[in-house]
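To start, the structure itself, in structure tokens.
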Amino acid sequence: MTLTMTRRGATVLAGIALLASTAACAPGLDDEGKPLTIAQSEELASARFRLLSTGPFTATVSSRAGHDIERVEADITVDPSRHIAWGEIARGPRDLAIVDEAGISVDAIALRTDEGAWRAEPLGSGPLASLAVVFSLVNDRPENAQLLRQSDARHLGAAELGGEEAAVYRLPSVDGDGGRSRLWVDDGGRPARLDDGSDDFVIEVTDAEPAPEPPGLAAALGRK
């Protein structure tokens, strides 16, 4: 793990951030932000670990605009301890999208064939690689709050998300990404949203019931 997310997740999110022409701010958010207080750095440091401890959760992933040929949308269940996820993935413009039952890991994707089997392949660096960022919502231990305070992470303020108020943080720069990625933390101290500083790439944690893991998926992805 890096300071704030898996290396693959950080790299992919940094690349996606470059697609956004402006870092749009929700009402009430400060575009520049303020250095973290001790309490804020401790909240940010523990957020991903808190989500890991809740077990499987559901999330939506949206990458690129609805008319884009490389658009990807997913509605998935995530097993954070094993770093696998499964659900439906739509690819292509919204009106012409191809929808597949799929499973993902940090480095592979498996699609359900017409015969009901799983066909796995490397996740690669194309549009589907954005799905790997969902695993960056969790961390296997609390982060170092002191290092976060010394970084260029910033508290941007509070904004409404799903009818509730969330604290919004700009994450530390990773490999020169400029620190545009934002993590929204709910009132329980858990990640509720991760984005690229705009609405061009968004992951949101939902309150839907996690779906059972499809038989055979873990083996196809090389997981136990």
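State all residues of the stretch 203-215 that are over 15 Å from V134 (Cβ atoms) and open to solvent by 50 Å² or more (accessible area, probe 1.4 Å); if no residue qualifies, say none.
Correct list: D207, E209, P212, E213, P215.
Please go through the stretch 55-82 and pick out each residue that is under 15 Å from T206 (Cβ atoms), open to solvent by 40 Å² or more (accessible area, probe 1.4 Å) and over 11 Å from the mean Cα position of the chain (by Cα).
P56, E73, D75
If I ask for residues that are among the aliphatic types (A, V, I, L, M) and outside any strand (DSSP E or B), which ones from the stretch 177-216 would you list?
In the first step, residues of the stretch 177-216 are kept if they are among the aliphatic types (A, V, I, L, M); the result is 183, 185, 192, 194, 202-203, 205, 208, 211.
Of everything in the stretch 177-216, those that are among the aliphatic types (A, V, I, L, M) and outside any strand (DSSP E or B) turn out to be A208, A211.
Restricted to the stretch 190-201, and to residues that are at pLDDT 95 or above and open to solvent by 10 Å² or more (accessible area, probe 1.4 Å), which residue is nearest to V133 (Cα to Cα)?
R193
Output the number of residues of the stretch 121-153 satisfying the condition of being crowded, with 19+ Cβ neighbours inside 10 Å, out of contact with any Phe, Trp or Tyr (no Cβ under 7 Å at 6 or more places or on another chain) and not in a loop (DSSP other than H, G, I, E, B).
Adding up the residues that qualify gives 10.
Applying the selection to the stretch 58-72, what residues are out of contact with any Asp or Glu (no Cβ under 9 Å at 6 or more places or on another chain) and over 12 Å from I104 (Cβ atoms)?
The answer is D68, I69, E70, R71.
Just to be sure I understand, how many residues within the stretch 174-189 are of a type in the set (V, I, T) and open to solvent by less than 10 Å² (accessible area, probe 1.4 Å)?
Count: 1.
Can you name the residue in the stretch 154-173 that is part of a loop (DSSP other than H, G, I, E, B) and in contact (Cβ under 8 Å) with a residue 60 or more places away in the chain and, of all such residues, is surrounded by the fewest Cβ atoms within 10 Å (Cβ to Cβ)?
If we take residues in the stretch 154-173 being part of a loop (DSSP other than H, G, I, E, B) and in contact (Cβ under 8 Å) with a residue 60 or more places away in the chain, then P172 is surrounded by the fewest Cβ atoms within 10 Å (Cβ to Cβ).
The values are calculated or read from the model by the stated rules, or taken from the named source; none is laboratory data. Small disclaimer: the values here were computed from a predicted structure and weren't measured. Glycine gets a Cβ as well: all are built from the backbone with ideal geometry, and neighbour counts include every protein chain shown. For accessibility, only protein heavy atoms count, side chains too; no ligands or nucleic acids. Shrake-Rupley method; radii C 1.70, N 1.55, O 1.52, S 1.80 Å.
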